[in-house]
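Every read-out reported here was derived from the displayed coordinates using simple, explicitly stated rules and does not represent laboratory data. Note that the structure is a prediction, hence the values are computed from the model and not measured. In this analysis, Cβ positions are derived from the backbone assuming ideal geometry, glycine residues included, and neighbour counts consider all displayed protein chains.
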Amino acid sequence: MGGSGDERAATVRKPDVRCSLAGALTSLLRLPRQGRSLKRVAYVNTLINERRSGMQTKKESIRSEIVRVARREFLNKGFKETSMRVIAQEAGTSLSNIYNYYRSKDQLFSEVLAPAILAMERIFEDQNREAGLNIDFLRSGGFIPRFKRLITDLILQHREELNILFFKAQGSELESFRERLIERHTRGELDYLARFKAQYPEVEADISDFFVHNMSSWWFSTLGELVMHELSRRQLECFITEYIEYATAGWKRLMGIEP
């Protein structure tokens, strides 16, 4: 019945990993002080970390489900008609809990669209690479395969998000995103023309700002059309090749660049 503290500690059954954190701590505290070995303390620390990790995994699972349901609701109903209460019900959580993750419907909307916006940002940066200022690169059309792949992947991977962004954003903070994108693209094209002219003074680059703006607007209208229609990869690649070759021929003519 007696025995040393260490002997009694050895007979205590190790808590099951599946037990609650409170239960594990209680088991530890019931031991005599001399029986609280480093191994046992380390074991409880492991349980604490596992519990925290499990809670974090659960939180991420809930967040992912909220975003998945929200994407569907925004796509079907648009931003204005989508209900946060319905999203909560469909995601299997409470309305108050959604606001633990997102402070507003606008923030959730931005979270849903973030992958598509980031993908477009990468394309925008790619278009402004220094390689694009090489006149031989422009003459040869060497950029066409890369640009075709980037745009095709953008649409196939983010068709739903782009659909929401371009056509279902009324009433949200991103309602004017397309117009802002056109203006940014216009500034980028004007900057490209200025840098190209500085590098190749013989090139004619006196193209009106309004023409560049309209070309930018035309491109994003075209992108919207590609989003709306269920084109296959082959169909997308075919169209994008046609579009780029057609547009490039016009730019070359305006800039006086011979093939």
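Before moving on, here are some points about what is shown:
- Using θ = phi - 60° and Karplus 6.51 cos²θ - 1.76 cosθ + 1.60, couplings along region 228-237 (whole Hz; Gly, Pro as x): 5, 9, 7, 8, 6, 4, 4, 5, 5, 4
- Residues in region 171-186 reached by a label modelled at Ser110 [backbone nitrogen below 14 Å; 7 Å Cα→Cβ]: 172-177
- Cα→Cβ-extended label distance, 7 Å offset, between Lys80 and Arg68, nm: 3.0 nm
- Computed over the alpha carbons of region 132-259, Rg followed by Dmax gives 16.0, 48 Å.
- Legend: ranking of residues Val227, Val212 from fewest to most surrounding C-beta atoms inside 10 Å; resulting order Val212, Val227.
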